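Reading through the structure tokens given below for one structure.
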Amino acid sequence: MAATKNTTKTYKLNTGAAIPAIGLGTWQSQPGDVGKAVEAALRAGYRHIDGAFAYGNEKEVGEGMRASGVPREEIWLTTKLDNPWHKRAPEALKRSLENLGTDYLDLYLMHWPSSTDPADPTLKTHYKDWDFVDTWREMQKLMETGKIRNLGVSNFGIKNLERLLNDPSCKIVPAVNQIELHPGNPSPKLIAYCASKGIHCSGYSPLGSGGSPLYKNETIASIAKAKDRSIQQVLLMWGVKKGWSVLPKSVNPDRVKANFDLDGWDLTDDEMAKIDAIPDRFKVCGDSWLPVKVFFGDDE
């Protein structure tokens with residue numbers, strides 16, 4: 001049997017584009033660290049960088065990309081429309097492109113289905129006359145600029161996807177739904193729903209974030225030991241084999257490289273089933289900080 005090659009694996013989107021299976025996440029990556037992490041990732045072979053305006057580090061992400069020496073056309077670059085910018089999508093896109101130092105995005109996502117009024121500095125007020133359906137209507141127009149190759153959403157459950165897709169103004173089916181995905185939040189109903197609509201799922205916090213309960217899980221630890229692999233590598237392999245792109249975040253160059261070491265080994269069907277059977281549930285990112293509820297427990 002040919003050796004498993006995941007570092008060059010891609011998933012085909014409903015646009016025909018190919019998104020790399022393994023990307024570098026940049027959420028919670030501090031200024032001063034993220035540029036070096038992006039550079040290290042690209043030098044290690046990553047070709048997928050996931051960012052967001054809300055992370056406050058787009059400029060450094062762009063600097064890291066340029067410092068790597070990897071041509072822009074070889075890199076899949078994602079960023080996201082921030083909640084207080086929902087009524088200003090063209091301006092937000094312009095700002096992100098300037099920050100990143102590029103003239104196009106491979107993927108532009110609506111970060112959250114929450115149209116937050118920027119007049120409230122606490123970000124606890126939602127527009128009364130606007131929501132994510134209006135935002136998507138305006139984001140679709142941005143495709144005409146030629147500055148976005150693919151358009152998608154993030155943190156959308158079935159309820160909000162149904163509302164979006166069934167609205168007459170929805171002319172473009174999102175290419176991607178980026179959601180929290182790991183064995184503690186596997187979201188099988190949501191994954192199946194997205195698949196039925198031709199929407200690729202991309203998994204953030206695939207390791208369960210810093211101090212993850214998954215690091216202490218005996219099932220995962222035993223599989224990692226048997227494979228002579230790290231728990232993190234097993235978690236990432238699980239995600240890739242489930243069929244979604246994974247976005248591990250690290251600013252440590254050694255861990256960045258280790259997270260990419262997914263070639264030449266595999267998980268058996270039995271090992272996958274054991275991980276699938278882990279009963280413990282937790283979310284890294286909830287919705288209590290938003291002015292509207294976006295998670296309705298309809299993902300499992």
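Selection within region 235-287: residues that are within 27 Å of ASP33 (Cα to Cα) and of a type in the set (Lys, Arg). The member of this set that is surrounded by the most Cβ atoms within 10 Å (Cβ to Cβ) is LYS249.
Scanning region 17-37 for residues being touching a helix residue (DSSP H, G or I) at 6+ places or on another chain (Cβ under 8 Å), outside any loop (DSSP other than H, G, I, E, B) and without any contact (Cβ under 8 Å) to a residue 60 or more places away in the chain gives a total of 1.
In region 97-111, how many are of a type in the set (A, V, I, L, M) and either in a loop (DSSP other than H, G, I, E, B) or over 13 Å from the mean Cα position of the chain (by Cα) (or both)? Selection size over region 97-111: 3. Checking each residue in region 205-231 for being open to solvent by 50 Å² or more (accessible area, probe 1.4 Å) and within 18 Å of THR4 (Cβ to Cβ) picks out ALA226, LYS227, ASP228, ARG229. Checked against (1) at pLDDT below 95; (2) touching a His at 6+ places or on another chain (Cβ under 6 Å), LEU123 meets all criteria but (2).
The set of residues in region 1-57 that are under 14 Å from ASN252 (Cα atoms) and small (Gly, Ala, Ser) comprises GLY25, SER29, GLY32, GLY35, ALA37, ALA40, ALA41, ALA44.
Taken together, LYS59, LYS94, LYS124 contain a single residue that is charged (D, E, K, R) and either touching a strand residue (DSSP E or B) at 6+ places or on another chain (Cβ under 7 Å) or not in a helix (DSSP H, G or I) (or both), which is LYS124.
Rundown of residues vs (1) without any contact (Cβ under 8 Å) to a residue 40 or more places away in the chain; (2) surrounded by 15 or more Cβ atoms within 10 Å (Cβ to Cβ), yes/no style:
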| position | (1), (2) |
| --- | --- |
| MET110 | no, yes |
| SER114 | no, yes |
| PRO121 | yes, no |
| PHE132 | no, yes |
| ARG137 | yes, yes |
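With the structure loaded, tell me whether LEU93 is among the aliphatic types (A, V, I, L, M) and modelled with pLDDT under 95 or whether it fails that test. Spelling it out, it is not the case that LEU93 is among the aliphatic types (A, V, I, L, M) and modelled with pLDDT under 95.
Report whether or not LEU161 is surrounded by 17 or more Cβ atoms within 10 Å (Cβ to Cβ), within 24 Å of ILE19 (Cα to Cα), under 22 Å from the mean Cα position of the chain (by Cα) and at pLDDT 95 or above. Judged against the criteria, LEU161 is a match. When THR135 is tested against (1) hydroxyl-bearing (Ser, Thr, Tyr); (2) assigned to a loop (DSSP other than H, G, I, E, B); (3) farther than 24 Å from TYR11 by Cα, exactly one condition is not met: (2).
When PRO168 is tested against (1) assigned to a loop (DSSP other than H, G, I, E, B); (2) over 21 Å from the mean Cα position of the chain (by Cα); (3) surrounded by 14 or more Cβ atoms within 10 Å (Cβ to Cβ); (4) not hydroxyl-bearing (Ser, Thr, Tyr), only condition (3) is not met. In region 267-289, of all residues being assigned to a loop (DSSP other than H, G, I, E, B) and touching a Lys or Arg at 6+ places or on another chain (Cβ under 8 Å), the one that is farthest from HIS126 (Cα to Cα) corresponds to LEU267. When GLU63 is tested against (1) open to solvent by 10 Å² or more (accessible area, probe 1.4 Å); (2) in contact (Cβ under 8 Å) with a residue 40 or more places away in the chain, only condition (2) is not met. Here GLY45 passes the criteria (1) surrounded by 18 or more Cβ atoms within 10 Å (Cβ to Cβ); (2) small (Gly, Ala, Ser); (3) more than 18 Å from the chain's Cα centre (by Cα) except the one numbered (1). Condition first: closer than 20 Å to GLY51 by Cβ, among the hydrophobic types (A, V, I, L, M, F, W, C) and in a helix (DSSP H, G or I). Now tell me which residues in region 240-257 satisfy that. Across region 240-257, the qualifying residue is only VAL256.
The values are calculated or read from the model by the stated rules, or taken from the named source; none is laboratory data. Values in this document were obtained by computation on a predicted structure and should not be read as measured data. Quick reminder, even Gly has a Cβ in these numbers, built from the backbone with ideal geometry, and neighbours come from all protein chains shown. Accessible surface areas use protein heavy atoms only, side chains included; no ligands, DNA or RNA. Shrake-Rupley method; radii C 1.70, N 1.55, O 1.52, S 1.80 Å.
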